[in-house]
Structure formats: structure tokens, C-alpha cells
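Taking it in order: structure first as C-alpha cells, then the write-up.
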Amino acid sequence: MPTDYQPQVIEAAAQRFWDTHQSFKAVEDPAREKFYCLSMFPYPSGRLHMGHVRNYTIGDVIARYQRMLGKNVLQPMGWDAFGLPAENAAIQKGISPSQWTQSNIAYMREQLKQLGFGYDWDRELATCDPKYYRWEQWLFTRLLEKGLAYRSHATVNWDPVDQTVLANEQVIDGKGWRSGAPVEKREIQQWFVRITDYAQELLDALDGLAGWPEQVRTMQRNWIGRSEGVEMRFGIQGAHETLEIYTTRPDTLMGVTYMAVAAEHPLARRAAQDHPALAAFIEDCRMGGTSEAEIETMEKKGYPLGINAIHPVTGAAVPIYAANFVLMSYGTGAVMSVPAHDERDFYFAHKYGIPIRPVIVPADWAGRRLDLEQTTPGGWPIVALRNEASEAPLDWSSWDERFAQPGMLINSGDFSHRHSAEACEAIAAWLDEQGRGRKRVNFRLRDWGVSRQRYWGCPIPVVNQPDGGLRAETQLPVRLPEDLVVDGSGSPLKKLPSFSALPHGETRETDTFDTFFESSWYYARYCASDNDQAMLDERANYWLPVDQYVGGIEHAVLHLLYARFFHKLMRDEGLVASDEPFARLLTQGMVVAETWYRERPDGRKDWFNPAEVEVERDDKGRLLRAWLSADGQPVQFGGMEKMSKSKNNGVDPQALTERYGADTVRLYTMFTSPPDQSLEWNDEGVEGASRFLKRLWSLAMSEADTIRAAPDVAPDALDETGSTARREIHLVLNKACFDFERHQFNTVVSGCMTLVNVLYKLAPELPARGSLLREGVSILLRLLAPIAPHLTHHLWRELGFGEDILRSTWPQVDETALRQSMLDYVVQVNGKVRDTIKVDAAAERAEIEAAALASEKVRRFIAEAEVRKVILVPNKLVNIVAK
């Protein structure tokens, strides 16, 4: 072996060995227990970042560990290659998205290989490959046939200059990211898949996903949003039509003082035909975003339609407003508004002078006299609470959260004096009897809009017929032209007759699939990636479900929900036998690092990479001052933030690998924090990881001959010192095995560091030193092999343990080694430590107490005092209470 640790040489040799021996090729074998380990595949942005490295290292550690347990492991890799960022980058570079994407894939593939990740590269896929996306096109045609896919109108962000639909993230301050034009809300035809048909199953199945973090399951439950409520109809004054709404709080029905409808609602559009001011308001509502988050934070505005609804119980006239916080794409595009019991409705009512009618008070107000009066200066009603002792009016000029809660009904006719739960049932039953409503289960989840008006995506396999009809494409795949250079204006496919125009007046659909469509089934295609005759085959049922999925918490809702839905679609098509795609899920924490900046005169900030900044701290690590290395001028600390280009606080993994080697990078990312917590980047920590690997190398180098020649340990022949050393070795192994199972790799590395220290301390005169070194190093290398695979592969071979550490058996704890012949007891007198004694491990209580009382140090503190009590904590402590 070379005398010094040369990671680049060692790592290149190990990777050649794995390639030559196809070490990670997965082959189905029903006789072996399988383990499918998968990390969320990357978008080929050009270069790996540390978030990628951490994610894929976690997955690779798990896969290698399971492989060493003897399981048949599949760990594939591919590329989430379609999407808007490729179009944006291609526009900037003046090349085709395909060219940009393929060059990035080639570069990032090499980076992944340099890091030693054990992927079966024969199964590699890219979602922009027609061999991949033809099968999702095929499945979509099956969904069309079943009525699970359909086309309908939906509201989108429209850039009137570029003549294109914008994603929410492309709308900046209400304007198009590229053109700067004010964005409009426009209703256009979109393609949908009926995920709502599976809403209840998706919700119920979450209870069976015991291997998922509860946080993720809760997020999905909230997104699906099952609620039980009442669907009811309000009449329209002077018209033979109704306004349908859904509410989970029918107990507040008697408090409705206005209705709110979306600006795009047919009632609003009709009313605006003869009302210029209303038409202007509706036009204003067209500007701005369409996401729920934007609706939640924007100023709530409205305009009366001059039309009244008819209350379904009282028959009273209720004014209808067009409101910018109601979307046609959610529910019926109309809501009943109860300002006394909903905060948003409350402030809207104050803004537009709409009456507030309280109909529910806290349940503990029962028995008080409650009167509704119009007495406030602003004309707002109050509830006056009157009893024999006092008079306590409640002022309705400000919102009171107590009235948002269920309680006791007042001012509600025959429904008054009932608790909310009872009133809900009674009101629902009454509406049902009158034919004006019914109980209904509703979901927050909406059907999945899968179409995008972009170029770089999978073409939707539909043909538009001259008579307005539709038909599914029969010649698949419908290939996306890959040589287009896009400019960001309009739809390139619509402007390309060779793609869109078909014989006999037919035209091809020019929308492409949402990229979630590709990422929702890639995990399954890995199982049969070479099948050009079918989407999946019987191999899918061997490998699925994925045993361990690894990825960021940012994908906890949409990606994971769509993948679960897609799996059920494939199940119902007979493609897979399982119900869920991922048995266990690990959501890794972010990689965060220091941020440094200077503020410009205009208030904007220039961000500097931490490598460019010099820092002075006090002896407690507190920041004293920081300055830019280039000019010596001060910079400000911006806190610890997720590594990003915008904050310029990223660390280039390629540079780290070239300087320290892949094993150091892998070891550092596993050691610094548990996988599910944030990793705070620290350059000194990287140096420390490198020093540890060099120390391990030095140990192996200096003891190589001894280790090769030593016989196996004979436990019965060990003296007390040797037994103690072997116990320390097996204690580390015992804890590491436990920690591997719970994915606490940071404590595995810590244990390996402890083990190196134990082996270094073995005395030269120890009779069984060589055997203990051999056993200890053998265990150490196998524990470290999933984390630092190159170094351990090399040392395993050089020290004569075998040809391939990956094929070695996982070390087993020798329970007899953990037993101690002698135990150390701390002895206290009245709670203060006075001595430590050694006692035979098999000693009875009386013997332990006697040994403690016989200690000279202890007797000195007891003197002539009376021993009142002796407290024994087995295997740890003796406390003598004396007085």
C-alpha cells in the first residue's frame, strides 16, 4: 500500500472495480429478499449542489447497508428532464432546451459516479426520452377512455404580450417575469385527471403508511381536506335559477348577510353587461395571481351586483357581491358570508357597510339574556348581555375570535338555543325536507390540472377534430420536436404546422403535460426500463413498493400525492399489484450555510460567498467582525440560510471532491447531523472528516502485517484487559447496528471514531493484540463501508479480509463479549461522590453494599455516623445515607 492516503487514486480504482464486476446491477431473484432504495431523481440543472449530495449519500448509505445484510438491492437513477427552467435557460443561451438538458445530464452523471453512488446505471432513464414518455401517453389514452381524463375551462395567469400562460412563480409583482406586462386572469381550456375520484382512498390509505413521517401524512390529510357539511341552494330574486354553495357551518346559516361570487361567475358577468363600474371591477379582478396563497394575502375587494339571493330558510333578500377572494376554480364559485362568525367576512362587511348579524355565542353564555341592538355609532349591531347583576354589551366594531367557534345559537328562529352540533343536524334535515339542500362530504382537493401551455414537455396525445370532437392519438409516442430554439413568446408548437397540422382538418393538441406527470411514475418504470412493448411488466411486482424513498420535505404534498394517485391508476389498469408506491419515506433536512452581504444605497444587497469572507471571533465563537478578503472592507452577517444561488452561499461539491476525495464529502455530510435535520455547513468539519480518514489509513498502514497474520480472537483466552477492549469493540458494533436501522448515521460515524481510538490504545504487550486488531478493524471497515465505500473497499482487500467488502457478511455482535466480569460502582455518601469500587458482576446486593462500606474513602466520611439506609442502583451506583 502507498504510505500516504491518496483518495483520488483509491477512489478511481474502486469505481473501476465496481464497473468491471457490475457490482450494483440488480437482477430479480424470487429466492432473495429484495430491497428497493430510491432517492428522488434530480432536475438536470447543470451541476450537483450540496443538497443533491446529501440526499443521494443518505440513499446510497441505506442501499449499501441493506446489500451487506444480504438483500437483493435495486438502487436506480434518472433525470426529471422536462420543465420550464430548461426553456428559460435555453432562451438565455440561444440553444434548444434539448441540447441544454442533454449536456447537463452528461456532466451530472459523471459527478454522481465520482461520488461513488452505487446505482444500476443500466436502468437509467430521462423523462424527455420518447421511450419513457410514450407510456404515460398510452396511460392517458386509457384514462380518456375511462372518463378519468377530461378537458374543461380553468382560470390561468395570462401574459398578454408574450401570449402565453405563466406559472405562479413566473408572476412577479403582478407582472410577467419576461415581458413585464400586467398579468391577466384568463379562462382557457385545460386538461384534468379525476384525482377527486380517489380522494377518500388517498386519505384512508395514509393510516397504513406507518413508515412515513407523521408530519408528511398530516400535510397530505390537510391538502386532501375532507369535510362534512351541507350543500344548499339560495334562490335568485326575480329569476328561475339558484345559487349553489357548500358550507361546513350550516349552524351559521341564519347569520348570512351577503353572498360573494367570483368575478368570472355567470351572475357577475350578466350583471356587468349593463353596469360599467361593475365591468371595470371584474376587469380589475382579472389582473393578479390565481394561487390560494396570493388570494389569502391580497386586499379583499368587492362590488355589489345589484342582485339579491333568497335565503333558503327565512326568504329574506341577501345582496350578492362580486369578490376578488372567490375563485371559479374552487367549489361552485360562490360562498355564503357570515361576518359575525368568519374573520374575512367580518372585515369585508365593515369595509362595505354590510350588516353583521350574530347568531352564535359561546356555550357558557347559556342562561343570560341576549338582545340584538343597533346601538353603535357606526350602526353595527351588538349583543347586549343582561343579567340581574350587570349589563355587559359586546362591541362588534372589532373581530372577536370567540365567535368563530361553535357554540349556542341565538337569533335563529326555531333553531335557537341549540348547540352548534345539534343545530347543524337540524338545519341539514330541514333543508333536505324542503328540497333546498343536503348533507355532503366535500374535499379541498381539486382535480389535477395536467396541461401546460409550454414547449419543453411531453405532448398530450389528443387530436382535435373539425367538428369540435376529440380523439386519442393511436400512433405513440407523439414525439416532441427537439431541435426548436424558443424565444418565450406564445406556444412554439402552435407555430409549428409540421407538428400541429394533421390531414382532413384535424389538429394535434399543442399543450404538454405538467412535469409532475412524469415524476409520478418514474419509480415504477425503473423496474422495467428496457421493456419497449409495455409500460410495466411482472418485474414491477417483484420490486414494488419502494422499500425506502428519500427526498426533501418540499415534495411532501404534490409529488408524493400525485405519485400515490398514479400508483392507484396503474393498479386499476392491472399494471401493479400493490396499493401504495413507497413503504417508507425519509425526508432529509436542508443544507444551510452562513450568508454575508453589503447593502447598496438603493436598499438592495450584494451577497458574497463565505469562502470570500474573513471572520474574527472571540474565544466563545461570537462574531467580532467580518470583511471581504478582496478589499478588506466590512460585510454584514445575514444568518444561516439554505444554500442557494440567490444568497451566494453554496459550496461546490465538485471542488470538495477534487480536494478531499468523495469519501470525505460523504463522511462529513453523514456525520454533521441526523439525516432528517438541517446540516449547518462548516469548513472545519470537512477538514475534521478528512483527518479521521487519514488517521484510519495510518492505523491500517502501521498494523497491516499484524492484521494479516493474526488469528481470529479466542474469547476464552483473553485476559481482563483484552476482554475489556473486546467489550468496547462490540459495544460500538451493537450501537451502530441499532443506529443503522433508525438511520442515525451521524452516531454511526461517531462510533467508528470511538472504535479507532480503542484500537490505537491497544497496548503493544497485550497478548491478543493482533487478534483484537484484526477483529476490530474488520468490524470498523464494514460499519464504515456504506458511508466511505472507496477507502473501506481498498483496505478490506489490502488487509486480506476478502476480495469485495460489499459481498462480506454484516458483523454480528457477540453477546458474550458485552458481559463484564467486574462492574464499576460509584459510591456516594449523602449524595456526594466519595469513591469508585470494582465489584464482581455476579455479586449479590449484600456483597455490593459490604464492598461500598469497606472502602477506606467512604469510611472516612461515615466515621461514627449511623448508616440509616443504603440505596443501590444496579450496575451503577451505591448511595449511603448516614446521620
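The values are calculated or read from the model by the stated rules, or taken from the named source; none is laboratory data. These numbers come from a predicted model, not from an experiment. Glycine gets a Cβ as well: all are built from the backbone with ideal geometry, and neighbour counts include every protein chain shown.
Given (1) more than 30 Å from Lys71 (Cα to Cα); (2) part of a loop (DSSP other than H, G, I, E, B); (3) at pLDDT 90 or above; (4) not basic (Lys, Arg), where does Asn879 come up short, assuming only one miss?
Only one criterion is unmet by Asn879, namely (2).
Picking from Asp739, Asp705, which residue would you name as being in contact with a Gly (Cβ under 8 Å, 6 or more places away or on another chain), among the acidic types (Asp, Glu) and either in a helix (DSSP H, G or I) or closer than 30 Å to Thr595 by Cα (or both)? Spell out how you get there, then give the answer.
On the way: Asp705 fails: in contact with a Gly (Cβ under 8 Å, 6 or more places away or on another chain).
Asp739 is the lone residue from the list that is in contact with a Gly (Cβ under 8 Å, 6 or more places away or on another chain), among the acidic types (Asp, Glu) and either in a helix (DSSP H, G or I) or closer than 30 Å to Thr595 by Cα (or both).
Among the listed residues Val485, Val450, identify the single one that is crowded, with 20+ Cβ neighbours inside 10 Å, β-branched (Val, Ile, Thr) and either modelled with pLDDT of 95 or more or under 30 Å from Ser179 (Cα atoms) (or both).
Details: Val485 fails: crowded, with 20+ Cβ neighbours inside 10 Å.
Of the residues listed, the single one that is crowded, with 20+ Cβ neighbours inside 10 Å, β-branched (Val, Ile, Thr) and either modelled with pLDDT of 95 or more or under 30 Å from Ser179 (Cα atoms) (or both) is Val450.
If you take the residues in segment 636-653 that are among the hydrophobic types (A, V, I, L, M, F, W, C) and free of Cβ contacts under 8 Å to residues at least 60 places away in the same chain, which one is farthest from Leu623 (Cα to Cα)? Break it down stepwise before answering.
Step one: of segment 636-653, the residues among the hydrophobic types (A, V, I, L, M, F, W, C) are 637, 640, 643, 651.
Cutting the leftovers down to free of Cβ contacts under 8 Å to residues at least 60 places away in the same chain gives us 637, 640.
On the way: Phe637: 9, Met640: 13 Å.
Among residues in segment 636-653 that are among the hydrophobic types (A, V, I, L, M, F, W, C) and free of Cβ contacts under 8 Å to residues at least 60 places away in the same chain, the one farthest from Leu623 (Cα to Cα) is Met640.
Being in contact with a His (Cβ under 8 Å, 6 or more places away or on another chain) and farther than 27 Å from Phe140 by Cβ is the filter here, so list the residues in segment 171-210 that pass it. Before the answer, list the steps.
Keep residues of segment 171-210 that are in contact with a His (Cβ under 8 Å, 6 or more places away or on another chain), which gives 187-190.
Result: no residue meets the conditions.
Just to be sure I understand the filter: pairs with C-beta atoms under 6 Å, separated by 6 or more residues or on different chains, first member in segment 694-714 and more than 11 Å from Gly770 (Cα to Cα), second member aliphatic (A, V, I, L, M) and part of a helix (DSSP H, G or I). Which pairs pass?
Leu696/Val756; Ala700/Leu795
Kindly provide the set of residues from segment 528-539 that are farther than 16 Å from Lys25 by Cα and either part of a helix (DSSP H, G or I) or not charged (D, E, K, R) (or both), ordered by number. Walk me through how you get there before you give the answer.
Of segment 528-539, the ones farther than 16 Å from Lys25 by Cα are 531-538.
Answer for segment 528-539, where residues must be farther than 16 Å from Lys25 by Cα and either part of a helix (DSSP H, G or I) or not charged (D, E, K, R) (or both): Asn531, Gln533, Ala534, Met535, Leu536.
Could you run through segment 655-682 and say how many residues are touching a residue at least 24 places away in the same chain (Cβ under 8 Å) and either in a helix (DSSP H, G or I) or on the phi > 0 side of the Ramachandran plot (or both)? Can you show your working first?
Our first condition is that a residue be touching a residue at least 24 places away in the same chain (Cβ under 8 Å); within segment 655-682, this holds for 656-658, 660-667, 669-681.
Filter once more, keeping what is either in a helix (DSSP H, G or I) or on the phi > 0 side of the Ramachandran plot (or both): 656-658, 660-667, 669-671.
Total satisfying the criteria: 14.
Mind listing whichever residues of segment 186-232 are more than 18 Å from the chain's Cα centre (by Cα), farther than 30 Å from Glu433 by Cβ, at pLDDT 95 or above and β-branched (Val, Ile, Thr)?
Val193, Ile195
Between residues in segment 90-103 that are among the aromatic types (Phe, Trp, Tyr) and residues that are assigned to a loop (DSSP other than H, G, I, E, B), which pairs lie under 9 Å by C-beta distance while being six or more apart or on different chains?
Trp100/Pro44; Trp100/Gly46
I'd like the residue in segment 844-868 that is touching a strand residue (DSSP E or B) at 6+ places or on another chain (Cβ under 8 Å) and in a loop (DSSP other than H, G, I, E, B) and, out of all such residues, is surrounded by the fewest Cβ atoms within 10 Å (Cβ to Cβ).
Going through the qualifying residues, I end up with Glu866.
Residue pairs, Cβ under 8 Å, 6 or more apart or interchain, first in segment 788-817 and over 20 Å from Arg16 (Cβ atoms) and exposed (fewer than 14 other Cβ atoms within 10 Å of the Cβ), second among the aliphatic types (A, V, I, L, M) and at pLDDT 95 or above. List them.
Pairs that qualify, where the first residue is over 20 Å from Arg16 (Cβ atoms) and exposed (fewer than 14 other Cβ atoms within 10 Å of the Cβ) and the partner is among the aliphatic types (A, V, I, L, M) and at pLDDT 95 or above, are Gly800/Ile707; Thr809/Met68.
Take the residues in segment 84-117 that are under 25 Å from the mean Cα position of the chain (by Cα) and farther than 30 Å from Ile62 by Cβ, then tell me which one is surrounded by the fewest Cβ atoms within 10 Å (Cβ to Cβ).
Leu84
Rundown of residues vs (1) closer than 21 Å to Asp284 by Cβ; (2) touching a Ser or Thr at 6+ places or on another chain (Cβ under 9 Å), yes/no style:
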{"site": "Thr164", "(1), (2)": "no, yes"}
{"site": "Gly174", "(1), (2)": "yes, no"}
{"site": "Val183", "(1), (2)": "yes, no"}
{"site": "Gln190", "(1), (2)": "no, yes"}
{"site": "Ala205", "(1), (2)": "no, no"}
{"site": "Glu231", "(1), (2)": "no, yes"}
{"site": "Ala239", "(1), (2)": "no, no"}
{"site": "Ile245", "(1), (2)": "no, yes"}
{"site": "Arg249", "(1), (2)": "no, yes"}
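So which of Ala280, Ala262, Ala340, Ala293 ends up being at pLDDT below 95, aliphatic (A, V, I, L, M) and within 21 Å of Pro406 (Cβ to Cβ)?
Numbers: Ala280 fails: within 21 Å of Pro406 (Cβ to Cβ); Ala262 fails: within 21 Å of Pro406 (Cβ to Cβ); Ala293 fails: within 21 Å of Pro406 (Cβ to Cβ).
Only one candidate passes the filter, namely Ala340.
Among the residues of segment 821-834, are any at pLDDT 90 or above, over 30 Å from Asn734 (Cα atoms), surrounded by 13 or more Cβ atoms within 10 Å (Cβ to Cβ) and charged (D, E, K, R)?
yes
Out of segment 432-456, which residues are in contact with a Gly (Cβ under 7 Å, 6 or more places away or on another chain) and not aliphatic (A, V, I, L, M)? It would help to see each step written out before you state the result.
At the first step, the residues of segment 432-456 found to be in contact with a Gly (Cβ under 7 Å, 6 or more places away or on another chain) are 440, 442-445, 456.
Arg440, Asn442, Phe443, Arg444, Trp456, listed by residue number.
Quick check: is even one residue across segment 153-161 of a type in the set (Gly, Ala, Ser), assigned to a loop (DSSP other than H, G, I, E, B) and more than 30 Å from Gln22 (Cβ to Cβ)?
From segment 153-161, those of a type in the set (Gly, Ala, Ser) are 154; that's our starting set.
Next, from what is left, pick out any that are assigned to a loop (DSSP other than H, G, I, E, B): none.
No, segment 153-161 contains no residue that is of a type in the set (Gly, Ala, Ser), assigned to a loop (DSSP other than H, G, I, E, B) and more than 30 Å from Gln22 (Cβ to Cβ).
Which residue out of Asp129, Asp120 is buried (at least 19 other Cβ atoms within 10 Å of the Cβ), acidic (Asp, Glu) and at pLDDT 95 or above?
Details: Asp129 fails: buried (at least 19 other Cβ atoms within 10 Å of the Cβ).
Of Asp129, Asp120, the one residue that is buried (at least 19 other Cβ atoms within 10 Å of the Cβ), acidic (Asp, Glu) and at pLDDT 95 or above is Asp120.
Can you tell me which residue is farthest from the chain's Cα centre (by Cα) among those in segment 405-417 that are surrounded by 17 or more Cβ atoms within 10 Å (Cβ to Cβ) and within 14 Å of Pro362 (Cβ to Cβ)?
If we take residues in segment 405-417 being surrounded by 17 or more Cβ atoms within 10 Å (Cβ to Cβ) and within 14 Å of Pro362 (Cβ to Cβ), then Ile410 is farthest from the chain's Cα centre (by Cα).
With surrounded by fewer than 22 Cβ atoms within 10 Å (Cβ to Cβ) and within 36 Å of the chain's Cα centre (by Cα) as the only criterion, which of Met701, Met753, Met670 stands out? Spell out how you get there, then give the answer.
Numbers: Met701 fails: within 36 Å of the chain's Cα centre (by Cα); Met670 fails: surrounded by fewer than 22 Cβ atoms within 10 Å (Cβ to Cβ).
Criteria check complete, one pass: Met753.
I want to confirm something. Restricting to segment 139-175 and keeping residues that are modelled with pLDDT under 80 and of a type in the set (Gly, Ala, Ser), which single residue is nearest to Ser451 (Cα to Cα)?
Taking the candidates together, the pick is Ala167.
Looking only at segment 468-527, how many residues end up being more than 23 Å from Met77 (Cα to Cα), touching a Lys or Arg at 6+ places or on another chain (Cβ under 6 Å) and assigned to a helix (DSSP H, G or I)?
1
Can you find even one residue in segment 93-103 that is of a type outside the set (Val, Ile, Thr) and closer than 30 Å to Thr20 by Cα? If you could, list the steps in order and put the result at the bottom.
Keep residues of segment 93-103 that are of a type outside the set (Val, Ile, Thr), which gives 93-94, 96-100, 102-103.
With the extra rule that they be closer than 30 Å to Thr20 by Cα, the set shrinks to 102-103.
Checked against the condition, which is being of a type outside the set (Val, Ile, Thr) and closer than 30 Å to Thr20 by Cα, segment 93-103 yields at least one hit.
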